[in-house]
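The values are calculated or read from the model by the stated rules, or taken from the named source; none is laboratory data. Treat the numbers as computed from the prediction; the structure is a model and nothing was measured. Cβ sites come from the backbone with ideal geometry, for glycine too, and all protein chains shown count toward neighbours. For accessibility, only protein heavy atoms count, side chains too; no ligands or nucleic acids. Shrake-Rupley method; radii C 1.70, N 1.55, O 1.52, S 1.80 Å.
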Amino acid sequence: MADPRGDQIAEDLEGAVAHGDIEVAYQPEYLIGTGALFGFEALARWTHPEWGPVPPGDFIRTAELNGTIGELGAQVLAIACDVLASWVADGTWSVRMTVNVSALQLADPAFFDVVCQVLESSGVSPQLLCLEITESALASGDLAARALSRLKALGVETSIDDFGTEYSSLSRLQQFPIDYLKINRGFVSGMTDRPVDAAIIDALLGLARSLGIRAVAKGVETQVQLAALEAAGCELGQGFLWSKPLPAAEATRIVEQARRSGVAQPRPRSQGRSG
Ligand code: C2E
Ligand code: MG
């Protein structure tokens, strides 16, 4: 049923984007084998003045429908890159930032320039930025493939979210310069009880391995899931077992802790997979 607040939300979201009221939360990602901090995923947050926090699953869709997604996405990218710049400012170690990108942003011919401008103004090295897209963006055609390939040439990485849950076309993997494949939370939560979920995860990990793509399990909530993922050979993980998405100040504490304990990842490869 349509939300009767829908029109109001669309109008208020437009105002929030215009006033720079969109905030960003950061969820850490870890290397499963060592427990080392690997990076963060930036997740947009919007608190409606009357109704409180609006789930991003709702307002991102609204932004796509009312045409504000380009500006909203650019703001999230800029905020996340500024935060990342502050984390790696001393140049002794690195951490990655993954930013979600809507298919509509990718289809905009200006997208490449938007990313370049943000990289330049933040001073972030392109190798530390990863753009996360969905399978529908994979299907959105040549413009998206070209933008990602040009960004890849600068060193920016690409992640495919929830691979295997939409309309997967394996041939698309050849066209796109993919570095990471994210495994949907539903498969992870089912893998220890449902043989079919475990089989799907094995298949996804095998595919990723053969193509030289790194796998990230999403929604890891229990030690049992973590052990099963490690046994299956999944390299990276993200989920409430480690941490929920956090405000910048709390994420910064995680970064400082990792830096002090010396388990932060080494400097990134200067060249990713060329696709
Ligand atoms: P996503 O990209 O799949 O992001 C992961 C979502 O799973 C986040 O929800 C996160 O809070 C949640 N999550 C992480 N670990 C766990 C866990 O262990 N258990 C459970 N139950 N949930 C977990 P969130 O923040 O509500 O975001 C929802 C979706 O909204 C995102 O899904 C993404 O598709 C979209 N989104 C968020 N920010 C942006 C953005 O800046 N741009 C675009 N285009 N989409 C965004
Ligand atoms: Mg994501």
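Summary table below
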read-out: For the chain, built as a Gaussian network whose Cα springs stay under 10 Å, the top-fluctuating residue of V118, V54, V83; value: V54
read-out: Solvent-accessible heavy-atom area per residue, rounded to whole Å², over the range 6-55 at 1.4 Å; value: 44 Å²
read-out: Efficiency of FRET from Cβ geometry, R61 and A18, R₀ 22 Å, rounded to 0.05; value: 0.70
read-out: Cα centroid separation - the range 169-185 against the range 215-262, whole Å; value: 22 Å
read-out: Pair Q223, R150: separation of 7 Å Cα→Cβ label points (nm); value: 5.0 nm
read-out: Of A203, A147, A36, the one that fluctuates the most in a GNM where the chain has Cα springs shorter than 10 Å; value: A203
read-out: Share of carbon and sulfur in the accessible heavy-atom surface of the chain [1.4 Å probe, %]; value: 54 percent
read-out: Cα→Cβ-extended label distance, 7 Å offset, between K244 and D82, nm; value: 2.5 nm
read-out: Surface accessible to a 1.4 Å probe, per residue, for the residues of the range 135-193, Å²; value: 42 Å²
read-out: Set of the range 4-38 residues, backbone N closer than 20 Å to the point 7 Å along the Cα-Cβ line of D90; value: 36-38
read-out: Shape of the chain, Cα gyration tensor, a/c cut at 1.5; value: rounded
read-out: Mean-position separation - Cα centroids, the range 16-52 and the range 80-129, in angstrom; value: 14 Å
read-out: Of T92, T134, T222, the one that fluctuates the most in a GNM where the chain has Cα springs shorter than 10 Å; value: T92
read-out: Under-5 Å amide H pairs with R45, H placed in peptide plane, nonlocal only; value: E23, V24, A25
read-out: Difference of contour (0.36 nm per residue) and Cα-Cα distance, E11 to L170; value: 53.4 nm
read-out: Additional length obtainable on full extension of the chain from S261 to A203, 0.36 nm per residue less Cα span; value: 17.4 nm
